[in-house]
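Contents: one structure, followed by commentary.
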Amino acid sequence: MAYLERFRLDGEVAVVTGGGRAIGLCCVEALAEAGASVVVIERNEADAAEALALRAKGYRIEVATGDVTESARMTAIADALAAEGRPATVLVNNAGIGQSGIDAQDLTDADWLRMMDVNLNGVFWCARAFGGHMVRLGRGSIVNLGSMSGIIANRPQPQTAYNVSKAAVHHLTRSLAGEWAAQGVRVNAVAPTYIETPMVTKIESNRDRIPIWLNDTPMGRMGTPDEVASSVLFLASRASSLMTGAIVSVDAGFTCW
């Protein structure tokens, strides 16, 4: 058995939403290094500049502009790839937003709806659009970005809307996995801990929170985007061929306690 070959993605077309920065950017590089042709979905091409710069390494990377909350646009991108004879066989639903520090009673309707629109609806629109072609093809792998916040309720910051959106992503993952398994399409998710990205480290209020987070973490540290991307590559590849409906905790042990 050639075990390392099972991590290869030669000949595959992979789509990564929000692939222009942080975790998404590392996912783009991981999939491209494994041999996939990668389509990055960002709202504008400027947001994907760092991903396109990876072409200097010989990787096949292109950009499709669009907002994951616009279901018709996601369907159009999926259909266009299929019409070109290269339907996506890997989808990484990475695009998402975060918001914390607002008590539930102070959340506005707009706050709640925006969180669900991006973090949940956007994942479903993409899974439906690209997964539909995978079902017709009879194979494919979808990897959703969930969160340990979909498993536990974080402290000390209140973030009910975010937590609920990620818990919903986890159950969407299981539901689609059960529905599409017989058609050869696997659906899994990763559930990361706090990751050292600008979305986390550059928020002033997080300075007092970080020591609490680390005290709650068995490994005593946050993660890095490449550590999440490595797990995404595993789930995207044949190395995880017996896995579907799994929520893989990439959390430095946070959910152990």
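The values are calculated or read from the model by the stated rules, or taken from the named source; none is laboratory data. Since this is a predicted model, take the numbers as computed values, not measurements. Using ideal geometry, Cβ is built from the backbone for each residue, glycine included, and neighbour counts are taken over all protein chains shown.
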**Fill in**
In the stretch 137-166, anything surrounded by fewer than 20 Cβ atoms within 10 Å (Cβ to Cβ), under 18 Å from Phe254 (Cβ atoms) and not β-branched (Val, Ile, Thr) is listed as Ala153, Arg155, Pro156, Gln157, Pro158
**Request:** Can you tell me which residue among Ala56, Ala51 is over 16 Å from the mean Cα position of the chain (by Cα), more than 21 Å from Arg186 (Cα to Cα), at pLDDT 95 or above and small (Gly, Ala, Ser)?
**Result:** Ala56
**Prompt:** Failed condition for Gly245, given (1) surrounded by fewer than 20 Cβ atoms within 10 Å (Cβ to Cβ); (2) assigned to a helix (DSSP H, G or I); (3) not hydroxyl-bearing (Ser, Thr, Tyr), with all others met?
**Reply:** (2)
**Message:** So Gly220 passes all but one of these: (1) part of a strand (DSSP E or B); (2) on the phi > 0 side of the Ramachandran plot. Which condition number does it fail?
**Reply:** (1)
**Selection status of Gly146, of a type outside the set (Lys, Arg), on the phi > 0 side of the Ramachandran plot and modelled with pLDDT of 95 or more** = no
**Asked** Which of the residues that make up the stretch 10-31 are small (Gly, Ala, Ser), within 16 Å of the chain's Cα centre (by Cα) and farther than 26 Å from Thr201 by Cβ?
**Response** Ala14
**Options Ala46, Ala2: the member that is among the hydrophobic types (A, V, I, L, M, F, W, C) and farther than 26 Å from Asn121 by Cα** = Ala2
**Request:** Specify which of the listed residues (Ala191, Ala182, Ala239) is touching a residue at least 60 places away in the same chain (Cβ under 8 Å) and either assigned to a helix (DSSP H, G or I) or of a type in the set (Val, Ile, Thr) (or both).
**Result:** Ala239
